[in-house]
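Have a look at the structure below, then the notes.
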């Protein structure tokens with residue numbers, strides 16, 4: 001067993017035995033070669049930073065990387081990441097080329113032609129930490145993570161979720177309340193509570209035992225269990241200063257919710273006000289900048305009459321601190337107090353001095369923001385400079401930074417037209433970043449006043465997009481149709497985009513009239529063949545369709561595939577999804593596979609979750625169930641990371657279908673429950689009902705399935721569930737229902753022209769007709785199934801029903817062949833209830849081999865992640881190359897191979913080539 005080194009035992013933190021034990025376990029985990037991540041939460045002054053310092057002291061044998069979030073840098077993309085990795089940038093040169101380029105661009109170490117991809121940056125950081133951990137365990141302490149810029153936070157959380165075998169521990173500390181939220185789904189959380197009365201009294205007495213008892217009792221109530229207040233309030237009393245108001249009612253420390261932030265901050269403000277003006281100036285400049293850059297702060301403060309001696313005075317007052325050459329505050333609220341208590345004029349002077357010091361230095365964005373902070377009226381020069389910073393933020397992948405810079409540039413613009421353009425760009429960036437309310441406010445501000453029709457069209461698109469995100473398709477459609485006519489005269493391409501969005505809105509609302517209105521507008525406005533093609537597809541899937549529109553819809557879809565820019569992964573995913581809807585699973589898989597390659601090659605990982613959803617469905621329909629599960633699992637993780645609710649629903653629907661086929665009701669319920677409390681995407685409820693119905697049919701719950709399916713298949717978009725209704729209704733003794741469903745599916749199959757659909761239509765006809773003709777129909781159905789090889793699950797169902805018919809007709813010998821074929825396919829697909837049904841039928845024919853258990857499916861033993869790693873390793877890719885594709889570190893790739901080899905019965909990568917591992 002590997003020896004695990006332990007650091008010397010550290011002094012206990014009062015009231016934090018449980019929390020320090022958690023931290024110690026994390027450190028021991030890293031020393032044993034595994035990774036872990038934790039988010040420590042709590043109110044200001046509760047002891048989060050103290051716990052992180054305790055962790056650092058307990059890890060002398062580790063490489064400790066620390067970073068504290070800075071409020072003024074929240075709009076600077078990758079600012080926190082830059083300071084965290086500033087001492088490890090030499091390792092960037094050892095990274096794979098694409099990762100190194102992305103990380104250099106993110107950190108501002110090199111220019112890039114396009115914005116660095118967030119996932120590539122995350123993968124680069126993961127690989128860099130893994131390389132560092134190969135020498136000794138790494139401890140990343142990330143304090144005040146709620147002030148991290150969004151780009152850095154996303155990358156660091158991306159890394160934290162993928163830690164496995166790297167010997168890396170990441171501990172985030174984030175304030176709860178009176179600070180931006182720091183959501184970190186998927187990571188373990190530890191919330192620091194207020195100290196109980198006994199512990200709080202001990203802490204207070206140990207530092208203020210000289211004070212009278214009644215004063216200590218008052219301070220104890222005022223502090224309300226907040227450790228920082230328990231230390232700072234006695235100092236205020238000794239200095240003759242009292243808090244402006246109490247921290248909260250006496251019961252606050254016993255489960256109350258009275259905040260301690262404002263009183264603590266006011267206490268800091270009182271301490272600062274008692275200092276000489278020159279010391280307050282140093283604090284103000286440090287607060288205005290707060291980038292740990294001592295040289296810049298001191299130079300700017302000296303321009304305002306302060307000196308090094310004033311810096312030392314602030315340090316002696318325990319307001320400023322130096323750690324490893326870095327200038328910072330003892331507590332974030334000290335910085336807030338120093339800045340908030342200054343007058344507007346003093347703040348302007350501080351920012352102007354900082355901008356002057358930064359003039360001519362490489363950090364242009366920082367200088368531009370200080371210039372903007374020093375401005376109180378319109379200033380085109382500053383606005384233009386900030387607009388340039390906004391473009392740079394967008395190029396570096398920070399829509400939040402771009403939106404903030406564009407917004408500030410707009411507010412400083414003296415020219416109304418430029419103001420509108422900048423605020424419109426800010427609204428678009430905010431919408432791209434997922435800040436719906438911010439984008440809506442910016443769009444409203446941009447529209448006052450505006451006469452430019454192109455700008456009005458862009459604003460209409462923003463408002464329509466925001467309405468669509470909250471599931472208001474009628475409003476989306478109205479906004480677009482009101483703006484499309486004036487837009488067509490000046491920007492026909494933008495008008496076409498509006499019409500396409502309006503078709504999607506009509507589809508979301510399941511409203512034929514809305515789609516038909518778009519088609520009429522497209523005819524009036526000129527060449528809009530893509531709009532007409534998509535409209536035809538949508539109309540064929542909406543209530544009121546009499547099936548006669550389906551051939552035109554299929555032709556329109558093919559026209560879009562040929563004429564549209566199919567080189568775009570997003571377009572490829574959309575076309576693939578519509579091909580799935582019309583039953584062309586082979587073309588859908590080809591389009592999705594091509595889109596996936598494009599995503600990975602181009603780094604278009606924002607589109608990848610949607611692509612993987614369609615790819616997973618296509619793989620399943622072609623019989624590649626392991627690959628389908630792997631694509632769905634990867635897509636779900638990426639969708640969670642990126643917050644893609646639409647893709648999350650689509651992926652959950654595919655995963656639910658796979659669980660239904662396997663007869664795994666527990667997993668199906670768990671998959672569908674992931675969207676509980678979320679805004680469910682369009683069609684999700686129907687997809688969930690279809691998966692549940694398929695499970696019911698597989699488990700023999702035919703009455704339940706028939707009842708649910710009767711309602712479900714009333715919608716034209718669920719025609720592919722009609723065969724399930726046919727079988728369920730037949731088994732439940734409801735022949736009229738089965739006959740109607742079979743007729744409807746037969747019409748649909750004739751219109752879409754797919755061999756698998758014709759085969760299933762014949763199967764349905766055999767079920768409802770029965771008698772002597774049924775055997776011929778089943779045989780014909782199997783022949784059609786074998787024409788294109790798509791949908792092996794449906795072929796096996798046809799063979800099973802055929803075999804059951806023959807067995808019931810006492811033609812046992814003839815029944816065995818289709819039953820054997822069905823059993824083999826069901827076993828390959830992991831369709832356990834269906835396989836059991838086929839096995840029981842075989843036993844009834846006297847088949848002696850029916851009782852034999854199938855040989856082990858080695859791939860079933862692998863997790864989806866292990867399967868992907870093994871397949872790529874078998875193709876000859878190195879651990880680094882595999883990690884680059886799957887967003888894993890090379891060390892974790894090696895760990896997955898280590899776990900997979902025994903499951904596959906191999907001992908080397910070379911042996912993987914001899915296994916049956918089709919891509």
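The values are calculated or read from the model by the stated rules, or taken from the named source; none is laboratory data. Bear in mind that the values here come from a model prediction, so they are computed numbers and not experimental data. Neighbour counts are summed over all protein chains in view; Cβ atoms, including those assigned to glycine, are modelled from backbone coordinates with ideal geometry.
From the list 677, 663, which one is outside any helix (DSSP H, G or I), closer than 17 Å to residue 826 by Cα and either touching a residue at least 24 places away in the same chain (Cβ under 8 Å) or within 19 Å of the chain's Cα centre (by Cα) (or both)?
Working: 677 fails: closer than 17 Å to residue 826 by Cα.
Criteria check complete, one pass: 663.
Working carefully through the options 661, 654, 666, 671, find the one that is modelled with pLDDT of 90 or more, buried (at least 17 other Cβ atoms within 10 Å of the Cβ) and more than 24 Å from residue 158 (Cβ to Cβ).
It is 661.
Please work out which residue is modelled with the lowest pLDDT, limiting yourself to the stretch 337-367 and to residues that are farther than 14 Å from residue 289 by Cβ and crowded, with 19+ Cβ neighbours inside 10 Å.
337
Select from the stretch 294-320 the residues that are outside any helix (DSSP H, G or I) and in contact with a strand residue (DSSP E or B) (Cβ under 7 Å, 6 or more places away or on another chain) and list them in ascending order.
Of all residues in the stretch 294-320, those outside any helix (DSSP H, G or I) come to 304-307, 317-320.
Result: 319, 320.
A quick yes/no check of all residues on (1) in a loop (DSSP other than H, G, I, E, B); (2) farther than 29 Å from residue 599 by Cα; (3) touching a helix residue (DSSP H, G or I) at 6+ places or on another chain (Cβ under 8 Å):
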residue	(1), (2), (3)
24	no, yes, no
44	yes, yes, yes
52	no, yes, no
67	no, yes, yes
93	no, no, yes
103	no, no, yes
108	yes, no, yes
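Within the stretch 323-336, is even one residue assigned to a helix (DSSP H, G or I) and free of Cβ contacts under 8 Å to residues at least 40 places away in the same chain? Talk me through it step by step, then tell me what you get.
Within the stretch 323-336, the subset assigned to a helix (DSSP H, G or I) is 332-336.
Within this subset, residues satisfying the condition of being free of Cβ contacts under 8 Å to residues at least 40 places away in the same chain are none.
No, every residue in the stretch 323-336 fails to be assigned to a helix (DSSP H, G or I) and free of Cβ contacts under 8 Å to residues at least 40 places away in the same chain.
Each row is one residue, and each column tells you yes or no for (1) modelled with pLDDT under 85; (2) assigned to a loop (DSSP other than H, G, I, E, B).
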site	(1), (2)
494	no, no
499	no, no
507	yes, no
533	yes, no
565	yes, yes
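Restricting attention to the stretch 167-182, does a residue exist that is modelled with pLDDT of 90 or more and surrounded by fewer than 22 Cβ atoms within 10 Å (Cβ to Cβ)?
Here is the first cut: in the stretch 167-182, the residues modelled with pLDDT of 90 or more are 167-174, 182.
Filter once more, so that each one left must be surrounded by fewer than 22 Cβ atoms within 10 Å (Cβ to Cβ): 182.
Checking the stretch 167-182: at least one residue is modelled with pLDDT of 90 or more and surrounded by fewer than 22 Cβ atoms within 10 Å (Cβ to Cβ).
So residue 118 clears everything in (1) modelled with pLDDT of 90 or more; (2) closer than 20 Å to residue 76 by Cα; (3) out of contact with any strand residue (DSSP E or B) (no Cβ under 6 Å at 6 or more places or on another chain) except one condition, right? Which one?
(1)
Determine whether residue 285 is buried (at least 16 other Cβ atoms within 10 Å of the Cβ), at pLDDT 90 or above, farther than 27 Å from residue 223 by Cβ and not assigned by TED's automatic domain parsing to the domain that holds residue 217.
For residue 285, the condition - buried (at least 16 other Cβ atoms within 10 Å of the Cβ), at pLDDT 90 or above, farther than 27 Å from residue 223 by Cβ and not assigned by TED's automatic domain parsing to the domain that holds residue 217 - is met.
Determine if the stretch 573-587 includes at least one residue that is at pLDDT 70 or above and out of contact with any helix residue (DSSP H, G or I) (no Cβ under 8 Å at 6 or more places or on another chain). First the steps, then the outcome.
We begin by selecting, within the stretch 573-587, every residue at pLDDT 70 or above; these are 573-587.
From what is left, the residues that are out of contact with any helix residue (DSSP H, G or I) (no Cβ under 8 Å at 6 or more places or on another chain) are 574.
Yes.
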